[in-house]
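Peer 1: Handing you this structure, nothing more for now.
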Amino acid sequence: MIRDLYNVRLLPAEDTTTPLTEEEEQRARGVLFSELGNTIADQGWVRFPAYTPEDRRRLVAVAQRLTAYWGQQVFVEAEDHCRVRLFLAGYEALPKP
């Protein structure tokens, strides 16, 4: 089946912005800070989906905020196009199952 798309246009990369308002962005980062921070504190690392550049930027900002809060570096590593891993020193390699 072929579907026609009307009124669809590509935006230049520099014009892309987050679809969230400033308040929503702050709340989203606050929730990620809390939830991901708790998981990292418990197991030393966390994996989280990041489908868009905004998601990846948000996770990097959360890692920087956790680093400042804990005084310990939180590293960010892209595992593939859709996943980002945040971890503490000593948890670079995933544990063997």
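Peer 1: Skipping prolines and chain starts, which residues have an amide H placed within reach, meaning under 5 Å, of the one on V84, given they are 5 or more residues away or on another chain?
Peer 2: Counting only residues 5 or more places away or on other chains, the set is F48, A50, E79.
Peer 1: Order 19-31, 73-85 from most to least packed using the mean count of other Cβ atoms within 10 Å.
Peer 2: Highest to lowest by the protection proxy: 73-85, 19-31.
Peer 1: Order these peptides, 38-45, 65-72, by their mean beta-carbon neighbour count within 10 angstrom, highest first.
Peer 2: 38-45, 65-72
Peer 1: Karplus couplings for segment 65-74 from phi (6.51 cos²θ - 1.76 cosθ + 1.60, θ = phi - 60°), rounded to Hz, Gly and Pro as x?
Peer 2: With the stated coefficients, segment 65-74 comes to 5, 5, 4, 5, 5, 8, x, 9, 4, 9 Hz.
Any read-out appearing in this document is the output of simple, stated calculations on the displayed coordinates, not a laboratory observation. Because the structure is a prediction, the values reported are computed rather than measured. Using ideal geometry, Cβ is built from the backbone for each residue, glycine included, and neighbour counts are taken over all protein chains shown.
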